[in-house]
Structure formats: structure tokens, C-alpha cells
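See structure below.
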Amino acid sequence: MEFGPRRTARADLPGGYAGVSEAETQAPGCARDYIHPGSEAEGAQDISDAEADALIAAALASRISADAGRANLPNRRAVETITLTHEGFTFHLSTGYYEDGGVGEAFVHAEGRNVNSMLANLLKDAAIIVSLARQWGVPVDKMREGVLRDEDGSPATIIGCALDAIRRAR
């Protein structure tokens, strides 16, 4: 009888990998399957250390190559800048486009504000998040659904206003 964790493979998991002991790896994305004496994981079968190592390497490679899912913008791209007004303040929204015309980045600047003010920094961070979301394939409409809205459905913040403007521009 085997005591403690052992390496197992299951066909119903991605890559057929069920897990290894915590002592063997702390790799992100690796499930762990602890087998105790007298118990069997449903659908599990013993595999060799070499097979387990190959499955671990494949799982790690897929996590490392996850950035391949991000659609980077071309170095030279079309950019459009428009002026928005929200709550009596004037803002400038610049959007960068993929070659197919899809929006891939956004920049929002508050007119007349210090470059390092709290508002300017919050706008930069929010625009970076919107840009990364677009580059990872999040639809503009999904982001629009997630931002705060007033009772009449109008955007509660400049970021909502910017997302609405991006939606109209498409």
C-alpha cells in the first residue's frame, strides 16, 4: 500500500493532469490531488515520474504563454482624440486603433489639471485598465455594463463617459 501523495493522471482534466504533491511544485495553474491510503481519485491512474514531469512542463508552458492571448497594438497606429464634458469638467479622450479599426487603447486627460494630481493619476490608471481589457478581448459593451450609471442611465463617471464615446465611435 502506498502512503502519501502520488502522481496521477486523469483524462477529464486539461492536459490529463490531476496533480502532484505540494512539496513537488507550487506552479500556478497546477491542481493538486492528494491520494490517501485506501482511497482512489475517480478516473485516476498511476503515471511515471517522466510522464508527470512532462504534464507539469506543459501546464507551466501554457501559463507562461498565456500572454499570447493578448492582442498587442502595432507600433504605428491610428489615434483619434476627442473632447468630452462631464459634470462641468472638460476631458480629452485619445483612442488607439488596431489595423482592423478596433479600439485597443484609451487615454483620458483632465483639462487644466496638474499632471501629477490625484484625478490625473486615477484617470491614467483607469485608462490603462480599459486598454488592457480591450487588448485581452473584453468587449467595450461589457465594460460599459460594469461601470456606474446614474438613474437615467447616463454615465456616473468620466470613465463611463469615455466608454460610451468609444462605443459610439465604433
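Values in this text are rule-based calculations from the coordinates and carry no lab data. What you see is a predicted model, and the numbers here were worked out from it, not measured in a lab. No Cβ is skipped: glycine too gets one built from the backbone with ideal geometry, and neighbour counts run over all protein chains shown.
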Checklist entry - What is the set of long-range amide H partners of Ala106 at a cut-off below 5 Å, with H atoms built 1.01 Å from backbone N? => result Gly96, Ser131
Checklist entry - So between Glu111 and Arg168, what do we pick up on full extension, going 0.36 nm a residue minus the alpha carbon distance? => result 18.3 nm
Next on the checklist: Can you give me the long-range amide H partners of Arg149? Hydrogens built in the peptide plane at 1.01 Å from N, cutoff under 5 Å, separation of 5 or more residues or another chain.
Outcome noted: Ala156
Next on the checklist: Taking the Cα of Thr81, stepping 7 Å toward and past its beta carbon, and measuring to each backbone N in segment 110-147: which are under 19 Å?
Outcome noted: 110-117, 120-128, 131
